[in-house]
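The values are calculated or read from the model by the stated rules, or taken from the named source; none is laboratory data. This one's a predicted model, so the numbers in the text were calculated from it and none came from an experiment. Note that we place each Cβ from the backbone using ideal geometry, even for glycine, and neighbour counts take in every protein chain shown. These area figures cover heavy atoms from the full protein model, side chains too; ligands, DNA and RNA do not enter into them. Shrake-Rupley method; radii C 1.70, N 1.55, O 1.52, S 1.80 Å.
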Amino acid sequence: MTAIVNGFATNNKISRTLRPGIYAPIPTFFLPESEDLDLPSFEAHVTRVAKAGVGPLIAGSMGEAIHLSHAERVILIHAARNALDTAGLNIVPLIVGTGAGSTRETIELTKDAAEAGADYAIVIASGYFAGALAGNKEALKAFWTEISEKSPIPVMIYNYPGASGGIDLDSDIISELALECPNLCGVKLTCGNVGKLTRIADVVSGSEFSSKYPRKNQSAPFLVLGGFTDFITPSTYANGHGAITGLGNVAPYSIVKLLEISVASRQDSSLLPEALHLQGIIGRADFTIAKASISGTKYLLEKLYGYGGLPRKPLPPISSDAAQALWDHPHTQDLVRLERELSGKVNVHDPVC
């Protein structure tokens, strides 16, 4: 199973296929003092993770989409596409977060993203009126149904209760949407519910789903992706398709390797101990680093690669004590050693590419 690096040309236009694999929600980097977009760092990082076999997702939660204007999202899409094409990665697809406050605004932003070069959109429900939406199955289904019907590009469901006022789609709602909406191309489960992933994957993984409920875009199958790396191996055995994970920014080679070995172990059980060993290292690191949130991830990128910076206000930076504790933590250090081994990196500031 490759991460994302396959595509084909039709009528002189690249068709960027959405494939099972590892994807990373790319942070948005800001210049000190002004908080303007730091595009050179952003472009360098997009290229770095893509060369490691990790697909970039722009303007997601890790990318502080809530802190970006519509115009800034469009600027980032153009910058990411240009960086990938310049690096010879023109068949790597771009997934872009287009969730907004209303259905109308989300549709407008999705159309703008498609025009700017997005291949796929990922949409979260706004949590502002979660009190009225969270228990209303019809309203929730209507939200993604209308967006997918009016979107010029395939749409992925983003289920993240922590960023949507507690709205947590269950497996029945997501499965029904998969059956009823041919322009939906998957779901990201940042709820961390492995049982939910198992149930949805069972619905969409069979040949009957593909034949009875074909996708509008044949390059966009319905993928069931976790939002963390601590259950990649078990989710693989449940027919999951990989993960969209913030840790992919810090250790892309390690997580790609974990998925590859996990998939291969289904055919060769002798590989399962190696998969479980990698899963342990990566799962522990994910748990530790995720608690440090966006500012912690940016700190680690600064430490490892020489860029990262601060989040946009009002999101606070990580304190110096907490940053040092995060770096010194054995879970972090185990992951850093693994990433260096798999990437061939020797020194802290050696580029991983």
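When 117, 162, 206 are screened for being closer than 22 Å to residue 23 by Cβ and either surrounded by fewer than 18 Cβ atoms within 10 Å (Cβ to Cβ) or of a type in the set (D, E, K, R) (or both), only 162 passes. Within the bounds of the stretch 187-208, is there any residue that is touching a Phe, Trp or Tyr at 6+ places or on another chain (Cβ under 8 Å), among the hydrophobic types (A, V, I, L, M, F, W, C), closer than 27 Å to residue 61 by Cα and in a strand (DSSP E or B)? Scanning the stretch 187-208, I find at least one residue that is touching a Phe, Trp or Tyr at 6+ places or on another chain (Cβ under 8 Å), among the hydrophobic types (A, V, I, L, M, F, W, C), closer than 27 Å to residue 61 by Cα and in a strand (DSSP E or B), so the answer is yes. For the structure I just gave you, tell me whether residue 194 is open to solvent by less than 10 Å² (accessible area, probe 1.4 Å) and among the β-branched types (Val, Ile, Thr). No.
From the list 71, 80, the one residue that fits, being open to solvent by 10 Å² or more (accessible area, probe 1.4 Å) and part of a helix (DSSP H, G or I), is 71. Pairing residues of the stretch 53-74 that are over 17 Å from residue 245 (Cβ atoms) with residues that are part of a loop (DSSP other than H, G, I, E, B) and among the hydroxyl-bearing types (Ser, Thr, Tyr), at Cβ distances under 7 Å and at least 6 apart in sequence or on separate chains, gives 68/28. Please go through the stretch 125-158 and pick out each residue that is touching a residue at least 40 places away in the same chain (Cβ under 8 Å) and either touching a Cys at 6+ places or on another chain (Cβ under 8 Å) or over 16 Å from residue 60 (Cα atoms) (or both). Listed by number, the residues that qualify are 143, 144, 146, 147, 150, 151, 152, 153, 154, 155, 156.
Residues in the stretch 83-101 that are assigned to a loop (DSSP other than H, G, I, E, B) and among the aliphatic types (A, V, I, L, M): 6 in all. Across the stretch 226-254, which residue is nearest to residue 203 (Cα to Cα) among those that are surrounded by fewer than 24 Cβ atoms within 10 Å (Cβ to Cβ) and hydrophobic (A, V, I, L, M, F, W, C)? Restricting to residues being surrounded by fewer than 24 Cβ atoms within 10 Å (Cβ to Cβ) and hydrophobic (A, V, I, L, M, F, W, C), the top hit is 238.
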